[in-house]
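The values are calculated or read from the model by the stated rules, or taken from the named source; none is laboratory data. Everything numeric here is computed off the predicted structure, so don't read it as measured data. Don't worry about glycine lacking a Cβ; one is built from the backbone with ideal geometry, like all the others, and counts go over all protein chains shown.
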Amino acid sequence: MGQQKKILELAREKGIIRAMDVEALGISRNYLYRMHKAGLLERCAVGLYKLTEAPVNENFYLAEIAKRLPRAVICLVSALSYHGLTTQIPHEIWLTIPRASWLPHVDYPPVNLTYVSGLAYSFGIQEHVINGVSVRIYSPAKTVADCFKFRSKVGLDVAIEALREAWRSRKVTMDELVEAAGVDRVSKIMRPYLEAVV
């Protein structure tokens, strides 16, 4: 019973746990299966467990993906939605991963991937805690610049809406937008839209 109590405390603290989290406490991963069978834990994906009474909100799947793909960063429409910068409702989770990264197969939730490298990947990453899980999400300014960079994927109308809403809600400064545009190499494309919002 002491082992189960430790696992339940870990699940309360971390939100979503994996077998390696349990083994780090010196507990066999078999306890996860037994606790799932007993109804104490709910399996949310292969190898991922949460408390059965843990709330599932609109950002739950962001936390789940962060546990499964720790190098992935929430981007584009999913990041806009998280920051409240769009009227779009993402029907998949938009992720950026480093170019040439190995990606495990993800059945659910559906994901939409972009691959970038260098500063375009590492710039503007913020850590947010969702359901006890640290989730990497691009900042509002980087997300807006990314929307212009990947306008063929998300649509130019989404990028313009994101820029207007980010500026209107004061979630970005002009300096942040200019810096992010430079990193993404979309300064010339964004310049007329930046001039229009000021």
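Some points to look at:
- The helices (runs of 4 or more DSSP H) found entirely in segment 134-198 that carry 3 or more residues being touching a residue at least 40 places away in the same chain (Cβ under 8 Å), of a type outside the set (D, E) and within 22 Å of P90 (Cβ to Cβ) are 140-149, 156-168.
- Test result for A11, modelled with pLDDT of 85 or more, aliphatic (A, V, I, L, M) and either outside any helix (DSSP H, G or I) or in contact with a strand residue (DSSP E or B) (Cβ under 7 Å, 6 or more places away or on another chain) (or both): no
- A100 being modelled with pLDDT under 85 and on the phi > 0 side of the Ramachandran plot: yes
- Test for D175: is it closer than 30 Å to Y49 by Cβ and either surrounded by fewer than 19 Cβ atoms within 10 Å (Cβ to Cβ) or within 18 Å of the chain's Cα centre (by Cα) (or both): no
- Looking across segment 92-114 at every residue that is hydrophobic (A, V, I, L, M, F, W, C) and buried (at least 16 other Cβ atoms within 10 Å of the Cβ), the one that is farthest from A72 (Cα to Cα) is identified as V106.
- Looking only at segment 18-55, and only at residues there that are of a type in the set (K, R) and touching a strand residue (DSSP E or B) at 6+ places or on another chain (Cβ under 8 Å), the one that is surrounded by the most Cβ atoms within 10 Å (Cβ to Cβ): K50
- Whenever a residue of segment 39-61 is farther than 17 Å from R29 by Cβ and hydroxyl-bearing (S, T, Y), its partners that are at pLDDT 75 or above and part of a strand (DSSP E or B), lying with C-beta atoms within less than 8 angstrom and at least six residues away or across chains, give the pairs T52/L41; T52/E42; Y61/I93.
- Meets criteria (modelled with pLDDT of 75 or more and either β-branched (V, I, T) or under 30 Å from A79 (Cα atoms) (or both)) for M20: yes
- The condition (being at pLDDT below 85 and of a type in the set (V, I, T)) is satisfied by just one residue among V77, V106, V73: V106.
- Within segment 115-135, if we keep just the residues that are in contact with a helix residue (DSSP H, G or I) (Cβ under 7 Å, 6 or more places away or on another chain) and surrounded by 15 or more Cβ atoms within 10 Å (Cβ to Cβ), the residue that is farthest from L51 (Cα to Cα) turns out to be A120.
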